[in-house]
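K.L.:
Take a look at this one; I'll ask things after.
The values are calculated or read from the model by the stated rules, or taken from the named source; none is laboratory data. All values derive from a computational prediction rather than experimental measurement. Please note: Cβ atoms are built from the backbone with ideal geometry, for glycine as well, and neighbour counts cover all protein chains shown. Keep in mind that these areas ignore ligands, DNA and RNA; they rest on the heavy atoms of the full protein, side chains included. Shrake-Rupley method; radii C 1.70, N 1.55, O 1.52, S 1.80 Å.
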Amino acid sequence: MGSWNLVFNTFEPENEPLREALCTLGNGYFATRGAWAQSDAGDVHYPGTYLACLYNRLKTEIKGRTIENEDLVNIPNWLPLRVRILKGKWFEISKSEILDFYQELDMKSGILLRNLSFRDVHGHETRLKERRLVHMKYPHLAGIELCIKPLNWTGMIEIVSAIDGSVTNSGVARYRSLNGKHLKTEETGDAGERGIFLKTRTVQSDISIALAADHSLYLDNSPLDTKGELLLDENIVARTFVADVPSGSEFRIEKTLALYNSRDKAISECGLQAKKAVSRAPSFDKLVTEHDLAWKKLWQRFEMSFVLKNAQKNDDESLILNMNIFHLLQTISPNSIDLDTGVPSRGWHGEAYRGHIFWDELFIFPFLNMRIPEITRSLLMYRYRRLDEARHAAVKEGFKGAMYPWQSGSDGREESQKLHLNPKSGRWIPDNSRLQRHVNAAIAYNVCKYYEVTGDMEFLSSYGAEMVIEIARFWADISTYNDKTGRYEILGVMGPDEYHEAYPGAEKPGLDNNAYTNVMAVWVLKEALKILQIIPEGRDHELRGKIKLKQEELEKWKDIGKKMTIAFHDGSIISQFEGYENLKEFQWDEYKKKYVDIQRLDRILEAEGDSTNNYRASKQADVLMLFYLFSAEELESLFEGLGYSLTPDMIPENIEYYSKRTSHGSSLSRLVHSWVLVRSQREKSWTLFKEALKSDYSDIQGGTTPEGIHLGAMAGSVNIIQEAYTGLETRENVLWFNCCLPDELEKIMMNIHYRGHDLEIEVACDRLTVKSLSSVGEHVRVGINEMIYKIGGKETITFDT
């Protein structure tokens, strides 16, 4: 397959949903799943198309309760190119005799290719070839080229090209009992002599979406003058084209799409704009050329590679690394910079998690920060624009400051469902995941790390500081003082490990003194105090006045930073939450033997009438997230400031303790475990890295990837190569390296962008080479082995590691 081409040589209906997710094409503005243009939504195919952050809210009656959900909307299907020969049956790949098959996702160029031959019941043999793109340079354009060649017959070929507005949200089986009809068609018609047009509107959020498609037709490269017949239906617009084609000749149709919505900037009306854009679109070949060039420019910034010491032919790590970066760039690209969009945990690739934004930014932004930090800034602005909603949410719960939601959508209100379906038991059960207040700490962390990498004081002083300070206010107010212990506590929350949402037998959800939450709260409070010291004095006074920040608040922050509760058990083990040691040990071997795959242990136990709340069993890294985000020195300082001891030997003890008690039921879990083992158990770290890297490629969670990729796992696994194995970090305006390659790696190569400098990095087993490719300013500082060096111009420096 090579490192850039995802290839399939057989058609396998059972694997088609996964392939459609992995072959999704997007550009940051919208994405279309890799479904066949001749397919309908069903158990095998699901041709979904999604606009970035286009949501709609609907209500459903369940168990006597009205449930309201906001969903990422599956917008009209622009793909359909139905084919039939000699007035026979319409071609369906799943009902045809396939003679040969080839499908390729060219990730270097962002092109999806298909090539197959089939035989119908009358013995007629036909070849179909398709090229497809969603344009990276022109984010409102997409296109399909379909070539049809009779191999042993002569006669009529009929093609129906359509835009289907009758689509619903039905891509996730467990959501199908919920209301999924988000669209109401407003207009269907033509778009020029050969074009088709459909305009629809979301029924609640009242956003118009317009799609216009034009067609060019050829017989053996000679243009055909046929206009086709326009077909209009209430929710579907189509145009039929017919041609008589000799055996061995090729009938080709090029379908170019323009897609706009009523939120777009610099337009009069989205329908007029879509028609205008499609009429001005270049030929398909020119679209391909410019699309290819746009992807080349992106890969110059984002490409990473590594060399294995003992590479085998079947090694696919490099291919999957490129695939993960590719899907990250299709979800959030330079085209995202001008949009009001966040980072969806499942990409714009499907309807899982309803397209909501969680805390996955924590795993995604580090990769972007070192490539095109302007993208990170724009995504952080999604959070800033919803700061008032976060303030309102805090007030509603009786707190000061800003309380961001666990799941965010259009306006920043809490979108977490109150009930969720366990597919193993068929029961709807309470969902308390909104108690994961640690999402607030993740947002503050992302702001601070963005500033640390970029030095963007304008962003920090104008936007970032206000977010961090309001989040700090929330942590200070949710912290309660315990007179008996003389310490502050945070009660009634959930940590990242979603297996534990309440104490055994408790009537109310929530846990006390989750270690990750408490430490992160202290860190945020300390960072907020630092920010007030570094932003310009005028802005400091202005901000204090705007949000009515009082000095006594700051004194409380300092006090909490000295007296927050961290629970321990068994001497040196940081308790995931207070009382964790009172839970029962779980019978791991027994359940692995019984069920084999126990990643979703919560669902298994609920179906048995039991609960993960009763056991020392984790879905994903919780305490270990601290070792993922902070160095040993940073954590030692935080704990020491609180009056606790965290010695170097305690870290591997905690890693071993929780590793034995984790099922990796989240796609994020393995990458965190890989990261924290980089220096102590390199072989195990590499094994976990490969598993994390392949989370979606291999669909290791058994059916979740077809519903949408796991963007945090994709970006986080890439970041293991970028930062964990190179020891790359930014501190005090220095780019530091502390290389630690696993034995399996010979070297890592990548380009990064730091403080206006484009740097080429090569990390080998015994050396580090940093080359300055271009720069704005005199130099940057690079640190290794506690020594700091300056680099600029076209300099190259090689270090002995």
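K.L.:
Please enumerate the residues belonging to region 325-384 that are over 17 Å from residue 136 (Cβ atoms), under 12 Å from the mean Cα position of the chain (by Cα) and hydrophobic (A, V, I, L, M, F, W, C).
P.N.:
343, 352, 357, 358, 359, 362, 363, 364, 365
K.L.:
From the list 515, 521, 502, which residue is closer than 22 Å to residue 391 by Cβ, open to solvent by less than 20 Å² (accessible area, probe 1.4 Å), aliphatic (A, V, I, L, M) and in contact (Cβ under 8 Å) with a residue 40 or more places away in the chain?
P.N.:
Just one listed residue meets the conditions, 521.
K.L.:
Right, next: Taking interchain pairs and intrachain pairs at least six residues apart, which have beta carbon atoms under 6 angstrom, with the first residue in region 272-298 and of a type in the set (Lys, Arg) and the second surrounded by 14 or more Cβ atoms within 10 Å (Cβ to Cβ)?
P.N.:
275/191; 275/212
K.L.:
Suppose we filter region 140-165 for residues that are part of a loop (DSSP other than H, G, I, E, B) and in contact with a Ser or Thr (Cβ under 8 Å, 6 or more places away or on another chain); how many remain?
P.N.:
Summing the residues that are part of a loop (DSSP other than H, G, I, E, B) and in contact with a Ser or Thr (Cβ under 8 Å, 6 or more places away or on another chain) in region 140-165 gives 5.
K.L.:
Restricting attention to region 339-350, does a residue exist that is at pLDDT 95 or above, of a type in the set (A, V, I, L, M, F, W, C) and either in a strand (DSSP E or B) or under 19 Å from residue 261 (Cβ atoms) (or both)?
P.N.:
So far as region 339-350 goes, yes, one or more of its residues are at pLDDT 95 or above, of a type in the set (A, V, I, L, M, F, W, C) and either in a strand (DSSP E or B) or under 19 Å from residue 261 (Cβ atoms) (or both).
K.L.:
Is there any pair with a first residue in region 422-446 that is under 17 Å from residue 510 (Cβ atoms) and a second that is of a type in the set (Ser, Thr, Tyr) whose Cβ atoms are under 7 Å apart and which are 6 or more apart or on different chains, and what are they?
P.N.:
431/416; 433/416; 434/416; 437/517; 438/516; 438/517; 439/404; 440/404
K.L.:
Could you tell me whether residue 105 is aliphatic (A, V, I, L, M), under 29 Å from residue 244 (Cα atoms) and surrounded by 18 or more Cβ atoms within 10 Å (Cβ to Cβ)?
P.N.:
Here the answer is no, as residue 105 does not meet what is asked.
For every residue, the table says whether it meets (1) part of a loop (DSSP other than H, G, I, E, B); (2) buried (at least 22 other Cβ atoms within 10 Å of the Cβ); (3) basic (Lys, Arg).
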residue	(1), (2), (3)
405	yes, yes, no
410	yes, no, no
425	yes, no, no
428	no, no, no
441	no, yes, no
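K.L.:
Look through 795, 778, 746 and report the one residue that is of a type in the set (D, E, K, R), open to solvent by 10 Å² or more (accessible area, probe 1.4 Å) and without any contact (Cβ under 8 Å) to a residue 24 or more places away in the chain.
P.N.:
That would be 778, the only listed residue that is of a type in the set (D, E, K, R), open to solvent by 10 Å² or more (accessible area, probe 1.4 Å) and without any contact (Cβ under 8 Å) to a residue 24 or more places away in the chain.
Listed here are the residues, each with its yes/no results for (1) open to solvent by 30 Å² or more (accessible area, probe 1.4 Å); (2) free of Cβ contacts under 8 Å to residues at least 24 places away in the same chain; (3) closer than 21 Å to residue 316 by Cα.
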site: 728; (1), (2), (3): no, no, no
site: 732; (1), (2), (3): yes, yes, no
site: 741; (1), (2), (3): no, no, yes
site: 765; (1), (2), (3): yes, no, no
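K.L.:
Step by step: first the residues of region 535-591, then only those that are without any contact (Cβ under 8 Å) to a residue 40 or more places away in the chain and of a type in the set (S, T, N, Q), then the one that is nearest to residue 641 (Cα to Cα). Which residue is that?
P.N.:
Going through the qualifying residues, I end up with 551.
K.L.:
What pairs can you find where one residue is in region 21-36 and at pLDDT 95 or above and among the hydroxyl-bearing types (Ser, Thr, Tyr), the other is outside any loop (DSSP other than H, G, I, E, B) and open to solvent by 10 Å² or more (accessible area, probe 1.4 Å), and their Cβ atoms are less than 6 Å apart, with a gap of 6+ or different chains?
P.N.:
Partner pairs satisfying both residue conditions: 29/335.
K.L.:
Here is a further query. Do you know which of the residues in region 296-337 that are in contact with a Lys or Arg (Cβ under 7 Å, 6 or more places away or on another chain) and open to solvent by 40 Å² or more (accessible area, probe 1.4 Å) is nearest to residue 751 (Cα to Cα)?
P.N.:
Once the filter is applied, the top-ranked residue is 301.
K.L.:
Listed residues 86, 113, 99; which is among the aliphatic types (A, V, I, L, M), closer than 30 Å to residue 4 by Cβ and open to solvent by 50 Å² or more (accessible area, probe 1.4 Å)?
P.N.:
Being among the aliphatic types (A, V, I, L, M), closer than 30 Å to residue 4 by Cβ and open to solvent by 50 Å² or more (accessible area, probe 1.4 Å) holds for just one of 86, 113, 99, which is 99.
Listed here are the residues, each with its yes/no results for (1) open to solvent by 10 Å² or more (accessible area, probe 1.4 Å); (2) more than 30 Å from residue 735 (Cβ to Cβ); (3) touching a residue at least 24 places away in the same chain (Cβ under 8 Å).
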{"residue": "379", "(1), (2), (3)": "no, no, yes"}
{"residue": "384", "(1), (2), (3)": "yes, no, yes"}
{"residue": "387", "(1), (2), (3)": "no, yes, yes"}
{"residue": "398", "(1), (2), (3)": "yes, yes, no"}
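K.L.:
Under 7 Å by Cβ, and 6 or more places apart or on different chains, what pairs join a residue from region 448-472 that is farther than 13 Å from residue 381 by Cα with one that is part of a helix (DSSP H, G or I) and open to solvent by 40 Å² or more (accessible area, probe 1.4 Å)?
P.N.:
These pairs meet every condition: 456/377; 470/391.
K.L.:
Kindly check whether there is at least one residue in region 240-247 that is closer than 30 Å to residue 151 by Cβ, acidic (Asp, Glu) and surrounded by 15 or more Cβ atoms within 10 Å (Cβ to Cβ).
P.N.:
Taking every residue of region 240-247 in turn, none turns out to be closer than 30 Å to residue 151 by Cβ, acidic (Asp, Glu) and surrounded by 15 or more Cβ atoms within 10 Å (Cβ to Cβ).
K.L.:
Another question, then. In region 184-207, which residue that is open to solvent by 10 Å² or more (accessible area, probe 1.4 Å) and aliphatic (A, V, I, L, M) is nearest to residue 245 (Cα to Cα)?
P.N.:
So, considering only residues that are open to solvent by 10 Å² or more (accessible area, probe 1.4 Å) and aliphatic (A, V, I, L, M), the one nearest to residue 245 (Cα to Cα) is 191.
K.L.:
Restricting the search to region 451-486, which residues are of a type in the set (Lys, Arg) and buried (at least 19 other Cβ atoms within 10 Å of the Cβ)?
P.N.:
The answer is 473, and nothing else.
K.L.:
Using the structure shown, decide if residue 664 is touching a residue at least 24 places away in the same chain (Cβ under 8 Å), open to solvent by 10 Å² or more (accessible area, probe 1.4 Å) and within 28 Å of residue 591 (Cβ to Cβ).
P.N.:
Here the answer is yes, as residue 664 does meet what is asked.
K.L.:
Here's a follow-up. Counting just the residues of region 667-702 that are basic (Lys, Arg) and at pLDDT below 95, which one comes out least open to solvent (accessible area, probe 1.4 Å)?
P.N.:
So the residue we want is 682.
K.L.:
Restricting to region 12-33, name every residue that is over 30 Å from residue 376 (Cα atoms) and either surrounded by fewer than 18 Cβ atoms within 10 Å (Cβ to Cβ) or out of contact with any helix residue (DSSP H, G or I) (no Cβ under 6 Å at 6 or more places or on another chain) (or both).
P.N.:
12, 13, 14, 15, 16
K.L.:
Do we find a residue being of a type in the set (S, T, N, Q), assigned to a strand (DSSP E or B) and within 22 Å of residue 366 (Cβ to Cβ) anywhere in region 778-796?
P.N.:
Within region 778-796, none of the residues are of a type in the set (S, T, N, Q), assigned to a strand (DSSP E or B) and within 22 Å of residue 366 (Cβ to Cβ).
K.L.:
Name the pairs: first residue in region 61-74 and over 19 Å from residue 352 (Cβ atoms) and among the charged types (D, E, K, R), second residue open to solvent by 10 Å² or more (accessible area, probe 1.4 Å) and part of a strand (DSSP E or B), Cβ to Cβ under 8 Å, at least 6 apart or on different chains?
P.N.:
Close Cβ pairs satisfying both conditions: 61/67; 63/419; 63/428; 65/419.
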